[in-house]
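Everything below concerns the one structure shown next.
Just so it is clear, none of the values below were taken in a lab; they were calculated from the coordinates. All values derive from a computational prediction rather than experimental measurement. Because the Cβ atoms are built from the backbone with ideal geometry, glycine has one as well, and the counts that use them run over all protein chains shown.
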Amino acid sequence: MKLKNQIALITGGGRGIGRAIAERFAREGAAVMLTSRTEAELRAAVAAIEKAGGNAGYLAGDLREEAFIPRLVGETREHWGEIDILGINAGIYGPMKPVTELSSAEWDDVMSVNLRAPFLLTRAVLPGMVRRRRGVVLNISTISAKLAFPLGAAYAAAKAGLLGLTRVAAAEVGRYGVRVNALCPGPVQGTQMWEEVGAGLQKAYNLTEAQLAEETNAAILQGRPQQPEEVAAAALFLCSDDSSAITGQAVNVDGGEAFY
Ligand SMILES: NC(=O)c1ccc[n+]([C@@H]2O[C@H](COP(=O)([O-])OP(=O)(O)OC[C@H]3O[C@@H](n4cnc5c(N)ncnc54)[C@H](OP(=O)(O)O)[C@@H]3O)[C@@H](O)[C@H]2O)c1
């Protein structure tokens, strides 16, 4: 087991990529604390992990609310112990509109979940890791932080900002045994986010589902989307000692779509 006796806090752990990461980490011996707004999804994820013999807990809340962050970190520490792994995965795409039609409230909402919450979580958790001279932060960004797709300006900007946060935090804690990295997945099949974005793109460009899949896959060397479990496998690598010399990086899990 690669994460034996470790404590992992994973945001957005109730479904999609976050749940796949939680299940994988639990199978590798970590106790996982999950959070999102939808309690029913968190309860189901925890039940599945426990049924498979793992340890998991949850606290439901909204990461846009600043007061929720210390509560989440405090309850994780109280219940499980010091946090070894912080998986910042919760995210929203926001309304699919051209930048000229986005309201400032819509822009702020995307920033709040995708960039402000990661900052608040990082600020709350890093000092403990530095004190203990151990820990890993993993930010789930996206290939949209590196490539140009229309109708997602706030999402791309927030997620590119997240890569900046990743690099600077890594620079600040690198000498204290703490690593900070990011993953940049392409389209991840079966997730609510990709279903919603796909539906938005079909509508905006008048495409059938098959046409959209063909266009999307044509831009990917492997010619297919990614699976949540493939992102979870890369997350495990970056959160385990297998990647002990890797920090400040943004690793693409995109089947070959971007090349930096
Ligand atoms: N799916 C893709 O194709 C893709 C590609 C690249 C990157 N990503 C990134 O991967 C991450 C996971 O997304 P996913 O694909 O698994 O999509 P998803 O199924 O929509 O999951 C998003 C998760 O974030 C949580 N969340 C959203 N807003 C929140 C808030 N205000 N407070 C707390 N939790 C919140 C959601 O739970 P609640 O709604 O219940 O709060 C959910 O658990 C995201 O950061 C996304 O940007 C996804």
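Which value in Å is the Kirkwood Rh of the stretch 99-158 over different Cα pairs?
Numbers: mean 1/r = 0.0754 Å⁻¹.
Roughly 13.3 Å, rounded to one decimal.
At q = 0.15, 0.17 Å⁻¹ the log10 of I(q)/I(0) for the stretch 1-131 amounts to -0.68, -0.84, computed by Debye summation with a single uniform scatterer per C-alpha, solvent ignored.
Tell me, what is the percent relative contact order of the chain, built from C-alpha pairs under 8 Å that lie six or more residues apart? The partial results should precede the final answer.
Numbers: 496 pairs, mean separation 50.4, N = 260.
Value for the chain: 19 percent.
Taken about its Cα centre, the stretch 39-198 carries a charge dipole of roughly 900 debye when the Cβ of each Lys and Arg holds +1 and the Cβ of each Asp and Glu holds -1.
Extension gain for residue 130-residue 196 works out to 19.9 nm (0.36 nm per residue, less the C-alpha to C-alpha distance).
Note on residue 246 and residue 65: the model spin-label points, each 7 Å out from Cα along the C-beta direction, lie 3.6 nm apart. Helix content alone sets the calculated 222 nm mean residue ellipticity of the chain: runs of n ≥ 4 DSSP H residues at -39500 (n - 2.57) each, divided across all residues, give -14500 deg cm²/dmol.
Note on residue 203 and residue 171: the model spin-label points, each 7 Å out from Cα along the C-beta direction, lie 4.1 nm apart.
From the C-alpha gyration tensor of the stretch 195-243, pull out the three semi-axes of the equivalent ellipsoid (sqrt of 5λ each), sorted largest to smallest, in whole Å.
On the way: eigenvalues 183, 29, 10 Å².
Value: 30, 12, 7 Å, ordered largest first.
Value of Rg to Rh for the stretch 119-260, rounded to two decimals, is 1.03; Kirkwood radius and Rg both from alpha-carbon coordinates.
Divide the volume of the convex hull around the Cα atoms of the chain by the residue count and you get 121 Å³ per residue. Modelled label positions at residue 259 and residue 233, each set 7 Å beyond Cα in the direction of Cβ, lie 2.4 nm from each other. Distance distribution note for the stretch 1-66: the fraction of Cα pairs above 18 angstrom is 25%.
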